[in-house]
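Scroll down for the structure; my scribbles are underneath it.
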Amino acid sequence: MGLPSRRRRPTPMSQWDPTARLSYWAFHANRRPSYMRFAYLQLGSDAAAEDAVDATFDSIMNEWLRMLHMDRLDAYAWTILKQRLVDRQQWYGTWPEPMETSAFEAALKEAHADRYEVLTDTIRFYSAVSRLAERQRDAVLLRYGLQCTPGEAASVMGVDEATVRSQLGQAHRRLARLLDTSPES
C-alpha cells in the first residue's frame with residue numbers, strides 16, 4: 001500500500017465565499033480571450049488552444065483560494081498557462097517553431113503587397129522570434145502578434161510594464177542581430 005498523497009484536494013467552488021467566486025470569474029472573463037489568442041499562436045488550432053486554456057483555468061480554479069494570497073497572481077496564472085501549452089504541444093506533437101499559421105494569415109491580409117514576399121519575411125521573422133529567450137518571445141508575441149500594448153502584455157504576463165518594455169528592447173536588439181538589420185528598422 002502506497003503512502004497517502006500529500007497533495008490536498010481543492011475546495012469545491014460551491015464552498016468558496018461569494019467574493020472568491022466573483023474574483024475567479026472576473027479573472028476568467030478578463031484573461032480568457034488573451035490566453036486563447038496566445039494559445040492559438042502557440043498551437044495553431046482552435047481545438048488545441050481551447051483544450052490548453054480550459055486545462056489552465058481548471059488548474060487555476062483548483063489553486064484559486066491559495067492564489068488570492070499571492071503578490072503576483074497574474075504571473076502565477078501565466079506560468080500555469082505556459083505549462084499547459086507545453087503539455088498540449090507534447091500531446092498534439094506540435095512545438096512553437098515559427099508560427100506558420102500567423103505567417104500565412106499575414107500574407108493573406110497584405111492584398112496590396114507581394115504575398116510571397118510577405119510570407120517569406122513573416123516566416124523569417126517568426127523563426128528569429130522562436131530563438132529569443134522565453135520571456136522575450138512572450139512579450140514579442142503579445143505585443144506584435146496579438147497587438148497588445150506593453151501595459152496589456154504586462155498585465156497578461158503578471159509583470160510590470162517596465163519589465164515588458166525591457167524585454168521588448170532586448171528582443172529588438174537580438175532580432176536585429178538575427179535578421180541582420182539595424183535596431184531602428
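The values are calculated or read from the model by the stated rules, or taken from the named source; none is laboratory data. What you are looking at is a predicted structure, and each value in this text was computed from that prediction instead of being measured. With ideal geometry, Cβ positions are generated from the backbone for all residues, glycine too; neighbour counts draw on all protein chains shown. Heavy atoms of the whole protein, side chains included, go into the accessibility calculation; ligands, DNA and RNA do not. Shrake-Rupley method; radii C 1.70, N 1.55, O 1.52, S 1.80 Å.
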request  = Check off (1) more than 18 Å from Ala139 (Cβ to Cβ); (2) open to solvent by 60 Å² or more (accessible area, probe 1.4 Å) for Arg84 and give me the number that stays unchecked.
outcome  = (2)
request  = Would you confirm whether any residue within the range 60-71 is among the acidic types (Asp, Glu), under 23 Å from Glu134 (Cβ atoms), open to solvent by 20 Å² or more (accessible area, probe 1.4 Å) and free of Cβ contacts under 8 Å to residues at least 40 places away in the same chain?
outcome  = yes
ask   = Residues of the range 135-155 being over 25 Å from Ile123 (Cβ atoms) and either open to solvent by less than 20 Å² (accessible area, probe 1.4 Å) or touching a residue at least 40 places away in the same chain (Cβ under 8 Å) (or both), which ones?
value = Pro150, Glu152, Ala154, Ser155
inquiry  = Yes or no: the range 75-95 includes at least one residue that is farther than 22 Å from Ala48 by Cα, assigned to a helix (DSSP H, G or I) and at pLDDT 85 or above.
reply    = yes
task = Collect the residues in the range 13-25 that are open to solvent by less than 60 Å² (accessible area, probe 1.4 Å) and either hydrophobic (A, V, I, L, M, F, W, C) or at pLDDT below 95 (or both), keeping them in residue-number order.
result = Met13, Trp16, Ala20
key: Sole exception among (1) modelled with pLDDT under 95; (2) assigned to a helix (DSSP H, G or I) for Arg9, by number   = (2)
